[in-house]
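The values are calculated or read from the model by the stated rules, or taken from the named source; none is laboratory data. Note that the structure is predicted; figures quoted are calculated from it, not measured. Positions of Cβ are backbone-derived with ideal geometry, glycine not excepted, and every protein chain shown enters the neighbour counts.
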Amino acid sequence: MDSGQAFVDFYSVLKVHPQCDQKTLEAAYRDLAKIYHPDHPETADTDKFREVLQAYRAIKEPEDRAQYDLQYSLHTGFSFEVADAADEKNEREALSDGDAHSRILMHLYKRRRDVASEPGVGQYTLQQMLNCSDETFQFHMWYLRGKGFIEYTEDGTLAITVVGVDHVIAMSKMHAQEKLQIEQARYFGAASSEA
């Protein structure tokens, strides 16, 4: 990373904290690239666009970022905190829970769309789909019912609510927008590297 060139604070260029997560890094890159891109005449700045692109390319891969962080510490004196194993495990569990909630809601959404007259799904079916313990499944049910995303039907099965349907649609729109932004960033990144 240190090839005799002057040190550049890529985190400052991207306007993010040095310990931000990958998602924050990508979002900052997309936002700044959009602002400075030549296609936006009112905010276009080719020099800043190149700086943002260079910064993101330099630290977007975890291995490259780890190497850069060593240089960053040497040049700035910043001390990166190392998360302990328990924190990392808790973060992974929270992400896994979020994925499970999404899978449950999508399954119930599809059921409601396909069989509107019988929208309920048995708890056993959902738990088998997730392949989780009884306690973990009860946690998921507690959360999703508490948010108002699911409810018990008259026959004791689980069905998605109107609030749950709205949530699935909103999340689907958000995922589609993120995919579009990533594709645009790839396209503009490839286009600017060819120039």
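Table for the structure above
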{"item": "Index of the failed condition, VAL115 passing every other in (1) under 25 Å from ASP31 (Cα atoms); (2) β-branched (Val, Ile, Thr); (3) surrounded by fewer than 12 Cβ atoms within 10 Å (Cβ to Cβ)", "result": "(1)"}
{"item": "Some residue of region 94-105 being at pLDDT 95 or above, among the aliphatic types (A, V, I, L, M) and surrounded by 13 or more Cβ atoms within 10 Å (Cβ to Cβ)", "result": "yes"}
{"item": "Out of GLU178, GLU183, sole residue that is within 24 Å of the chain's Cα centre (by Cα), surrounded by 11 or more Cβ atoms within 10 Å (Cβ to Cβ), closer than 20 Å to THR24 by Cα and free of Cβ contacts under 8 Å to residues at least 60 places away in the same chain", "result": "GLU178"}
{"item": "Residue match in region 106-119 (condition: of a type in the set (Gly, Ala, Ser), more than 30 Å from ARG65 (Cβ to Cβ) and either in contact with a helix residue (DSSP H, G or I) (Cβ under 7 Å, 6 or more places away or on another chain) or not in a loop (DSSP other than H, G, I, E, B) (or both))", "result": "no"}
{"item": "Of all residues in region 36-53 being assigned to a helix (DSSP H, G or I) and in contact (Cβ under 8 Å) with a residue 12 or more places away in the chain, the one that is surrounded by the fewest Cβ atoms within 10 Å (Cβ to Cβ)", "result": "ARG50"}
